[in-house]
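The block underneath contains the structure these notes are about, expressed in structure tokens.
Laboratory data are not the source of any read-out in this text; all were calculated from the coordinates shown. If you're wondering where the values come from, they're calculated on a predicted model, not measured in any experiment. Glycine gets a Cβ as well: all are built from the backbone with ideal geometry, and neighbour counts include every protein chain shown.
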């Protein structure tokens with residue numbers, strides 16, 4: 001069966017006072033802080049970026065629309081990307097600099113062939129991350145001491161301090177903004193990666209001769 005022909009149609013969309021503009025909220029996986037209830041910010045046409053992939057709902061049946069103009073009842077914006085994974089290169093007081101590859105945008109997923117071009121390959125950037133009194137530094141830790149014949153313990157939550165962050169440490173940063181639109185952000189949570197360590201056998205489980 002032949003592949004159906006794809007046709008791109010351009011429309012003009014009217015945004016009125018009745019049009020709802022919505023966007024999924026950020027999610028921060030805190031380990032110690034209580035997760036605040038998500039609030040829906042009031043968005044306007046100024047929050048729609050040129051080039052963004054959006055979903056528009058209308059009461060008009062576009063299959064029978066005569067012309068290209070119709071009114072939107074709802075516009076769904078793509079979820080913002082607020083996570084960076086990379087390596088710490090500098091720490092100065094409460095500001096750290098990290099190197100990370102920018103995460104792919106929703107447009108990249110919509111057009112994966114373009115990302116295969118060398119000129120479109122992501123390039124590593126330096127990001128400036130500011131820690132505040134509200135920043136949580138946490139991770140899941142493991143007890144590397146194992147009793148003879150025993151099994152590893154379950155992971156436990158571990159709270160860290162700024163002084164425990166070191167140069168060259170791999171971290172995940174959860175920010176307060178879309179990381180595809182800048183290089184300076186406030187950190188809501190920082191999760192340092194666990195370093196690999198071989199389990200150490202405990203002698204406490206050995207029988208007394």
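Here are a few things to note about the model shown:
- Taking segment 152-196 as the region of interest, the strands (runs of 3 or more DSSP E) fully inside it that hold 3 or more residues being surrounded by 12 or more Cβ atoms within 10 Å (Cβ to Cβ) and within 13 Å of the chain's Cα centre (by Cα) are 170-175, 184-192.
- Conditions (1) closer than 30 Å to residue 159 by Cβ; (2) touching a strand residue (DSSP E or B) at 6+ places or on another chain (Cβ under 7 Å); (3) exposed (fewer than 14 other Cβ atoms within 10 Å of the Cβ): number failed by residue 38: (2)
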